[in-house]
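The values are calculated or read from the model by the stated rules, or taken from the named source; none is laboratory data. Just so you know, these numbers come straight off a predicted model, no measurement behind them. All Cβ positions, glycine included, derive from the backbone under ideal geometry; neighbour counts span all protein chains shown. In case anyone asks, the SASA skips ligands and DNA or RNA and just uses the protein heavy atoms, side chains included. Shrake-Rupley method; radii C 1.70, N 1.55, O 1.52, S 1.80 Å.
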Amino acid sequence: MNIDDKTDNGSSRNENDLREKVKALNVLNVHSNNLVLCVASEMIQDKTNEISTIPKILDKINVKGDIITWNALNIQKSNVEVVTKLKRNHVVPIKQNQGTFYNDLGYILIKTN
């Protein structure tokens, strides 16, 4: 399962005399590699809310044994904890600017190898 957002830039509208400015639609999707289709979607208000939308969309999918991936923007302890509590496997990129989390993971990988 891949979790990623898409922004429909064609859905935005500029402000004019008849209407206020309308932001582009932003949707967080869960794609199944096995089924080759989108299995869940959640609308998000803007790009900054994508992080808090991960737990909401994970509640919508109930597939055990799948590997869940997402991009580096969503690497938050709370999101990793949600996946762990759901007892699912996950692959997430870890950024060096995440201090102790990055160092702790590196230590675990070295110790297990």
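In a DSSP loop and with at most 11 other Cβ atoms within 10 Å, the GluC sites (Glu not before Pro) in region 1-46 are E15, E20. Distance between the modelled labels on N14 and K56, one decimal in nanometres: 3.0 nm (7 Å Cα→Cβ projection). Over 19 Å between Cα atoms, which of K21/K56; K56/K87; K56/K77; K60/K87 qualify? Checking Cα-Cα distances, K21/K56 exceed 19 Å.
Rounded to the nearest 10 square angstrom, T84 shows an accessible area of 80 square angstrom against a 1.4 Å probe.
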